Amino acid sequence: MINALMVDYDGTIAPLGVPRSESRVLARVESQLRRISILAPVCVVTAKDYGFVHGRTSFASGWACIGGLDVRTRNGGVARSRPRSMGKALGLARTVEARGVHLEMKRGPRGVILGISIDWSGNPEIAPMLLGKLATLRRTGFSVVHEMNSTYADVYATPPNKGEATKLLKSLLKIRGNVMFIGDSAMDNTAFQEASVSVGVTHGQPVEALRCKYIVDQSRLAEFLQSLADRGMDFSPRIPWIRRREA
């Protein structure tokens, strides 16, 4: 029996590669998450900030935003982090913003900046210089998340940890029993390890780095969630649409 469901946002319950303003939970997935939220708490654990994700996931009982640096619940519970200043990272971001680089500020309570997303897909020639600057930030203690050959990076004041965020949500919401976590990237691995049942979502990306036990195609996620809801949250590896991840 699954007593709580925790899900990533981008690439899991929402599509990748869409403009920020157009990002929404996939309609059929949202319908099933609303069904599940009647049966068990549903939480969103994401690199997005609260201001972005809250209105798009009104079915949730809790949110761990910015990789767990800002954790809140529907009943008003808040876990506040005390990160270092983002001043140096903001300085770098501002110097490249005028060169075709898109910035997304990730804000916590009271508007404090806890992270910055940097997207240089509009000017890939800037990559060598920018990656050098990001390496410098990493050496000075900032957490930099960047996958090889990607034109996108996140910079955080302190390292995000979705596993710790999952534990904190369990505590704040007084969740007892089995938790299922669904995500799509290596950043979800600590949450996969914390969960009783871990499910990785595929959408064409390499999955070798995922430390989950099961795999589901994003195109079949709604059907998987429907099966789970139909069974009253009684999970079985024999539920259609999922498969065991190959070792």
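The values are calculated or read from the model by the stated rules, or taken from the named source; none is laboratory data. This is a predicted model, so every value here is computed, not measured. Neighbour counts run over all protein chains shown; Cβ positions are idealised from the backbone, glycine included.
With respect to the stated conditions, residue 200 fails to be surrounded by 14 or more Cβ atoms within 10 Å (Cβ to Cβ) and outside the structural domain of residue 51 (by TED's automatic domain parsing).
Screening residue 127 on (1) within 28 Å of residue 60 (Cα to Cα); (2) modelled with pLDDT of 90 or more; (3) small (Gly, Ala, Ser) shows it passes everything except condition (1).
In contact with an Asp or Glu (Cβ under 7 Å, 6 or more places away or on another chain) and under 20 Å from residue 240 (Cα atoms) - does that describe any residue in the range 152-159? Talk me through it step by step, then tell me what you get.
Of the residues in the range 152-159, the ones in contact with an Asp or Glu (Cβ under 7 Å, 6 or more places away or on another chain) are 152.
Subsequent filtering for residues that are under 20 Å from residue 240 (Cα atoms) retains none.
No, the range 152-159 contains no residue that is in contact with an Asp or Glu (Cβ under 7 Å, 6 or more places away or on another chain) and under 20 Å from residue 240 (Cα atoms).
Answer yes or no as to whether residue 136 is outside any helix (DSSP H, G or I) and either farther than 29 Å from residue 32 by Cβ or outside the structural domain of residue 32 (by TED's automatic domain parsing) (or both).
Judged against the criteria, residue 136 is not a match.
Checked against the criterion of being within 19 Å of residue 15 (Cα to Cα), within 15 Å of the chain's Cα centre (by Cα) and surrounded by 20 or more Cβ atoms within 10 Å (Cβ to Cβ), the candidates 44, 71 yield just one match: 44.
Checked against the criterion of being outside the structural domain of residue 185 (by TED's automatic domain parsing), out of contact with any Asp or Glu (no Cβ under 6 Å at 6 or more places or on another chain) and farther than 22 Å from residue 46 by Cβ, the range 101-118 contains one or more residues that satisfy it. Answer yes if at least one residue in the range 105-112 is surrounded by 20 or more Cβ atoms within 10 Å (Cβ to Cβ), touching a helix residue (DSSP H, G or I) at 6+ places or on another chain (Cβ under 8 Å) and not in a helix (DSSP H, G or I), and no otherwise. Checked the range 105-112: at least one residue is surrounded by 20 or more Cβ atoms within 10 Å (Cβ to Cβ), touching a helix residue (DSSP H, G or I) at 6+ places or on another chain (Cβ under 8 Å) and not in a helix (DSSP H, G or I).
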